[in-house]
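> Quick one: the structure is below, and I'll ask about it shortly.
The values are calculated or read from the model by the stated rules, or taken from the named source; none is laboratory data. All values derive from a computational prediction rather than experimental measurement. When we count neighbours, we look across all protein chains shown, and the Cβ atoms used for this are built from the backbone with ideal geometry, even at glycine.
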């Protein structure tokens with residue numbers, strides 16, 4: 001199979017990589033760049049464990065080919081350092097086993113940026129794109145509400 005040179009802007013750093021046309025962004029992030037925060041779960045876009053940000057919007061990296069991400073600003077959980085939503089997840093115990101947590105944090109980070117005045121309905125709508133089997137979504141909702149614009 002042929003490979004293509006792509007330039008990916010990940011967490012503010014530029015990377016030039018050889019990728020196959022079938023390589024998902026999730027695969028390249030984890031296996032070529034060592035960014036393992038985005039997790040493989042369902043690998044078909046249902047669970048949200050692989051959520052990252054593309055140009056400020058949440059994206060399930062298992063559904064995006066690496067070649068599609070060329071030239072776009074990509075942020076992974078490793079690119080979020082000491083953000084209010086991360087601290088809120090800790091303060092409100094909005095995690096249990098932690099496998100889905102990076103995807104939830106990325107989704108919630110995007111929610112806060114895109115809808116800083118989100119109401120309960122908007123929060124629930126955005127949280128529907130991620131699945132957690134270990135804990136209640138109540139703690140996650142509380143964490144999001146704690147950092148939204150009052």
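> Can you tell me which residue among 110, 61 is within 12 Å of the chain's Cα centre (by Cα), in contact (Cβ under 8 Å) with a residue 40 or more places away in the chain and under 20 Å from residue 37 (Cβ atoms)?
After applying the criteria, what remains is 110.
> Identify all residues within the stretch 1-27 that are under 21 Å from the mean Cα position of the chain (by Cα), on the phi < 0 side of the Ramachandran plot and exposed (fewer than 11 other Cβ atoms within 10 Å of the Cβ); write none if there are none.
If the condition is that a residue be under 21 Å from the mean Cα position of the chain (by Cα), on the phi < 0 side of the Ramachandran plot and exposed (fewer than 11 other Cβ atoms within 10 Å of the Cβ), then 13, 14, 22 are the ones that fit.
> In this structure, is residue 141 buried (at least 17 other Cβ atoms within 10 Å of the Cβ) and either out of contact with any strand residue (DSSP E or B) (no Cβ under 9 Å at 6 or more places or on another chain) or farther than 23 Å from residue 34 by Cβ (or both)?
yes
> Okay, moving on. Looking at (1) assigned by TED's automatic domain parsing to the domain that holds residue 125; (2) within 21 Å of residue 136 (Cβ to Cβ); (3) touching a strand residue (DSSP E or B) at 6+ places or on another chain (Cβ under 7 Å), which is the only condition residue 108 fails?
All conditions pass for residue 108, except number (3).
> Here's something else I'd like to know. Please work out which residue is farthest from residue 2 (Cα to Cα), limiting yourself to the stretch 64-78 and to residues that are under 13 Å from the mean Cα position of the chain (by Cα) and buried (at least 22 other Cβ atoms within 10 Å of the Cβ).
Ranking the candidates gives 77 first.
> Regarding residue 37, is this residue free of Cβ contacts under 8 Å to residues at least 40 places away in the same chain and outside the structural domain of residue 114 (by TED's automatic domain parsing)?
In short, no.
> Among the residues of the stretch 111-123, which ones are surrounded by 13 or more Cβ atoms within 10 Å (Cβ to Cβ), in contact with a helix residue (DSSP H, G or I) (Cβ under 8 Å, 6 or more places away or on another chain) and in a helix (DSSP H, G or I)?
Result: 111, 112, 122, 123.
> Sticking with this structure for a sec: Scan the stretch 24-75 for residues that are farther than 14 Å from residue 10 by Cα and part of a loop (DSSP other than H, G, I, E, B) and report the count.
Total satisfying the criteria: 15.
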